[in-house]
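To start, the structure under review is shown below, and the notes come after it.
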Amino acid sequence: MIIETENLTKYYGKNRGIINLNLKVKEGDIFGFIGPNGAGKSTTIRLLLGLITPTSGCAKIFGKDCVKDKTVILADIGYMPSEAMFYGSMRVDEIIELSAKLHKKDCSAEAEKLCDRFQVDTKKKIDELSLGNRRKISIICAFQHNPKLCILDEPTSGLDPLMQKEFFNLLKERNQKGMTVFLSSHILSEVGRYCHNAGVVKEGELITVGTVEELTKSSIKRVTLHGVNSVAALDGMFDVISNDNHISFLYRGSMPALVNYLSSLPITDITITEPDLEESFMHFYGADNVERKYKKRSHAAY
């Protein structure tokens, strides 16, 4: 196993971080670690990196203890934090070089390729960069030393769609060469499209682990209808939100039934999208109770 935790627990005073996390990530996997904000994803990552110490339990990477052997472990890890912070007065090339020196490697050739690929101006100062361009620097610093494991915390935040696609192309290429990926995200489409396996964390506890296919079997769709402001009830419909000239609802059920239902409505436009993680994984969060609550609210709007 590349990553292994045993009853890993972290409290911040009386406040919960994570509780009794037991997790295993195999070599060569792209593992999605998913859950809503505040679920404990970033706490877990900080524990794996040795940035904070556990209250109890332990974590291992490459078979080594994440506290005792932190320095050795970090040499073979690429890390992208959810918010990349750099020295604002330094130039981009200086930051990239500093990152390489921390790994005690000459990464200049690989860094140049990555800068070209992500269209990075290396002579600009960090303070002059947008959020998206700072995110590109974070990608280069995480990948330039060809790590065995990449730990990524909400990696696409701030990237435009073109750069997001390029980033995941890079991720797949490196994974095919043997790199393991631990990807923390609350965006279901990212996890569903690129991850092999995933774990769902809720309120600091790991509530399920499996293949992405297994976890998304009962996924929900967000349907938005334009040209109408009220609809009749349909089995599987809940969380109905009505506005002046459109209506939106979550749907979990038969797609042919939905299509047949929509064909009878005087709609002018329609969008069917993947909902956010909390909506899609409601069945892990007590969906039946949530659905009943939304149905009660929805019927009041008809």
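Below, the figures for the structure above:
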read-out	value
Looking only at segment 214-233, and only at residues there that are assigned to a loop (DSSP other than H, G, I, E, B) and closer than 27 Å to residue 192 by Cα, the one that is modelled with the highest pLDDT	220
Of all residues making up segment 237-277, the number that are of a type in the set (A, V, I, L, M) and touching a Phe, Trp or Tyr at 6+ places or on another chain (Cβ under 9 Å)	6
Looking only at segment 102-149, and only at residues there that are surrounded by fewer than 14 Cβ atoms within 10 Å (Cβ to Cβ) and aliphatic (A, V, I, L, M), the one that is farthest from residue 163 (Cα to Cα)	102
Any hit, segment 244-256, residues being of a type in the set (Asp, Glu), at pLDDT 85 or above and not assigned by TED's automatic domain parsing to the domain that holds residue 25	no
Restricting segment 62-76 to residues that are closer than 13 Å to residue 46 by Cβ and of a type in the set (A, V, I, L, M, F, W, C), the residue that is surrounded by the most Cβ atoms within 10 Å (Cβ to Cβ)	66
Which numbered condition residue 196 fails, given (1) more than 28 Å from residue 131 (Cβ to Cβ); (2) in contact with a Lys or Arg (Cβ under 7 Å, 6 or more places away or on another chain)	(2)
Test for residue 86: is it aromatic (Phe, Trp, Tyr) and farther than 24 Å from residue 179 by Cα	yes
Which numbered condition residue 280 misses (of (1) modelled with pLDDT of 85 or more; (2) closer than 30 Å to residue 210 by Cα)	(1)
Residues satisfying the stated conditions in segment 187-198, i.e. among the small types (Gly, Ala, Ser) and either surrounded by fewer than 22 Cβ atoms within 10 Å (Cβ to Cβ) or free of Cβ contacts under 8 Å to residues at least 24 places away in the same chain (or both)	189, 192
Count - residues of segment 87-101 that are surrounded by fewer than 20 Cβ atoms within 10 Å (Cβ to Cβ) and closer than 26 Å to residue 169 by Cβ	3
Residue check for residue 180: without any contact (Cβ under 8 Å) to a residue 40 or more places away in the chain and buried (at least 18 other Cβ atoms within 10 Å of the Cβ)	no
Test for residue 273: is it modelled with pLDDT under 85, in contact with a strand residue (DSSP E or B) (Cβ under 6 Å, 6 or more places away or on another chain), exposed (fewer than 13 other Cβ atoms within 10 Å of the Cβ) and at negative phi	yes
Residue tally, condition aromatic (Phe, Trp, Tyr) and touching a residue at least 60 places away in the same chain (Cβ under 8 Å), over segment 217-258	1
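The values are calculated or read from the model by the stated rules, or taken from the named source; none is laboratory data. The structure displayed is predicted, hence computed values, not measured ones. Quick reminder, even Gly has a Cβ in these numbers, built from the backbone with ideal geometry, and neighbours come from all protein chains shown.
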